[in-house]
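Chemist: Below is the structure I would like to discuss, written out as structure tokens.
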Amino acid sequence: REEQNESNKNYHPTSADVDEEWVTAHASQLSRMLPGGLLVLGVFIIAAPELAKDIQNALRKLVFSVEKSVVKKRLWKFTEEEVSDRVALHVCSATKKILCRTYDIQDPKSSPKPADWKYQSGLSAFWLSLECTINVNIHIPLSATSASYELEKNTRNGLTRWAKQIEEGVFLINGQAKEDDAELLEGQKKSSRGNIQHFNVKVLTQLSQSSGHRSTATVQVCSGSINLKGAVKCRAYIHNNKPKIKDAIQALKRDIINTLSDRCEILFEDLLINEAPDKKNSEREYHALPHRVFASIAGSNVMLCDYKFGDETAGEIQESFFEMLDQVVHGEAIHIAEEINTGKYTFLLGVLFGVFISLF
């Protein structure tokens, strides 16, 4: 036993000990918890100084792997104006010294660039919050010529078309439509320290294309459909340093698209694990998408989110937050964004195979 203890003392982890699969999975799960305006910006490793060279190679690999994992199922794209640098942070376990470097994730051959790492207190104290409720009613036809019903793939295709509608929608902030380059805080009173200023947003989407756009109609033989219907609570945060209307709306658009896409992905993951064999050939299926749950995090005015199915308890939600964030979230700090709808829905007649998915 003494020999074993001595061996453990002399053991130092190497870059080979880094579990890339776990890191990327963790980053993807964390990304789901972030409201609009927040992104996973990088990775960090705490390691001994003699591993500095190996760790930098591992960090570089992780930065690109994490970004690839996070954006893989994203239904929106970054603009050309946005910063594409991601952070790699090495914290020395002996000296606590921090080495910070950035990589341009748009360039696979990107070289590391040195960067300063500074701590700031109360960073989110004056951030601004935008909130809205989106009523969703998405109909996704399933082609009769398809060899098999790939529900996840078909749902994603339908969500991609819906996401385009959201991108092209009109956003009214506190009931007003403003120019993109106007300042969000123009004409607003300053909020007191520690209180986030909230903006209520209403989203208007076009029912059909205007006469100025040419479109083509497609006749498709269908043997079923997927319907997504319900109300979605969305939230985004933005800094208070002269924020532009376009930046605030962009953050909220991304939250709207992310939360619906994430819920569908979570549902399909759950079905893959728990689906009963006798339900595979049923003509109609009803599934409730998980509810969105917001929670206050210690030391921040920003609320992060998670998702719960109807049968999950408050204790399980708290456990999930603790597992992801290593922070205790008390029951009173948890807010369920949507209430359960007990109403019944009517299916379209003539559907041979239908999946009705409720957001409530």
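No value in this document is a laboratory result; all are computed from the given coordinates. Quick caveat, the model's predicted, so the values are computed rather than measured. Cβ: placed from backbone, ideal geometry, glycine included. Neighbour counts: every protein chain shown.
Chemist: Show me, bin by bin at 5 Å from 0, the whole-percent P(r) of the stretch 77-170 based on Cα pairs.
Modeler: The calculated distribution, bin by bin, is 2, 8, 10, 11, 11, 12, 12, 12, 9, 6, 4, 1, 0.
Chemist: Return an integer: the convex hull volume of the alpha-carbon atoms of the stretch 2-114, in Å³ per residue.
Modeler: 131
Chemist: Which cross-chain or sequence-distant (5 or more) residues have an amide H under 5 Å from the amide H of Lys178, H modelled 1.01 Å from N in plane?
Modeler: It is Ile173, by chain and number.
Chemist: How do Lys61, Lys72 line up, fewest other C-beta atoms within 10 Å first?
Modeler: Exposure proxy ranking, most exposed first: Lys72, Lys61.
Chemist: I need the phi-derived Karplus couplings for the stretch 198-204: 6.51 cos²θ - 1.76 cosθ + 1.60, θ = phi - 60°, integer Hz, Gly and Pro marked x.
Modeler: Coupling constants for the stretch 198-204: 9, 10, 8, 10, 10, 10, 10 Hz.
Chemist: Would you please give the FRET efficiency between Glu332 and Lys77, computed as 1/(1 + (r/R0)^6) with r the Cβ-Cβ distance and R0 = 30 Å, to the nearest 0.05?
Modeler: With a Förster radius of 30 Å, E is 0.20.
Chemist: Given R₀ = 22 Å, FRET efficiency for Lys164-Ser84 by Cβ-Cβ distance, to 0.05?
Modeler: For Lys164 and Ser84, the calculated efficiency is 0.45.
Chemist: Something else now. What are the ³J(HN,Hα) values, in whole Hz, obtained from phi via the Karplus relation 6.51 cos²θ - 1.76 cosθ + 1.60 with θ = phi - 60°, for each residue of the stretch 121-131 in sequence order, with x given for Gly and Pro?
Modeler: The phi angles translate into 9, x, 4, 8, 4, 10, 5, 9, 10, 10, 9 Hz.
Chemist: Which links in Lys68/Lys246; Lys189/Lys233; Lys244/Lys308; Lys72/Lys189; Lys96/Lys246 stretch past 32 Å when you go from one Cα to the other?
Modeler: Listed pairs above 32 Å: Lys244/Lys308; Lys72/Lys189; Lys96/Lys246.
Chemist: For a quick protection proxy, order the peptides 233-240, 121-128, 180-187 by their average other-Cβ count within 10 Å, most packed first.
Modeler: The packing order, highest mean first, is 233-240, 121-128, 180-187.
Chemist: Would you list Thr79, Thr155 from fewest to most Cβ contacts within 10 Å?
Modeler: Lowest count first: Thr79, Thr155.
Chemist: For Glu20 and Asn274 in one chain, what is 0.36 nm times their gap in residues minus the Cα-Cα distance, to one decimal in nm?
Modeler: Extra length from Glu20 to Asn274 when fully extended: 88.8 nm.
Chemist: Translational D (Stokes-Einstein, µm²/s) of the stretch 227-335 at 25 °C and 0.890 mPa s when Rh comes from the Kirkwood sum over C-alpha pairs?
Modeler: For these conditions, the coefficient is 151 µm²/s.
Chemist: Amide H neighbours of Lys244 under 5 Å, at least 5 residues apart or on other chains, H built in the peptide plane: list them.
Modeler: When sequence neighbours closer than 5 places are left aside, the close amide H contacts are Leu184.
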